[in-house]
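First the structure, in the form of structure tokens, and then the observations on it.
The values are calculated or read from the model by the stated rules, or taken from the named source; none is laboratory data. All values reported here derive from a predicted model rather than from experimental measurement. Neighbour counts are summed over all protein chains in view; Cβ atoms, including those assigned to glycine, are modelled from backbone coordinates with ideal geometry. Surface accessibility is based on the protein's heavy atoms, side chains included, excluding ligands, DNA and RNA. Shrake-Rupley method; radii C 1.70, N 1.55, O 1.52, S 1.80 Å.
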Amino acid sequence: MKQGALFYDPRSERMDIRFGLESYYGGLHCGETMDVLLDGKWFSTRIELNDKWYLVGIDTDNIENLIVRI
């Protein structure tokens, strides 16, 4: 598993994961699964798009910069 931070890529209009300065996942698609780190604990989730990108079962208004592993 690789760990990185979620961010929005305006060029692809998708959420992506940054693993390092020049290392990226390449764009996430609806339904892709991952673990997210919240309050020191890992939770399994998947990413979806409605009016905005969100993580199923994760109660937050902004998913950017969350630490994830995939």
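Just to be sure, is K2 touching a Lys or Arg at 6+ places or on another chain (Cβ under 9 Å) and modelled with pLDDT of 95 or more?
yes
Does D35 meet the test of being surrounded by 15 or more Cβ atoms within 10 Å (Cβ to Cβ) and in contact with an Asp or Glu (Cβ under 7 Å, 6 or more places away or on another chain)?
No, not satisfied.
Please verify whether T60 is open to solvent by less than 70 Å² (accessible area, probe 1.4 Å), modelled with pLDDT under 95 and of a type outside the set (D, E), treating the condition exactly as stated.
Yes: the conditions hold for T60.
Quick one: what pairs do we get from segment 1-30, first residue within 15 Å of R69 (Cβ to Cβ), second part of a loop (DSSP other than H, G, I, E, B) and hydroxyl-bearing (S, T, Y), C-beta under 6 Å, 6+ apart or different chains?
Taking only residues 6 or more apart or on different chains, the pairs are D16/Y25; I17/Y25.
Residue under question is L55, and the condition is that it be open to solvent by less than 70 Å² (accessible area, probe 1.4 Å) and at pLDDT 95 or above; does it hold?
Here the answer is yes, as L55 does meet what is asked.
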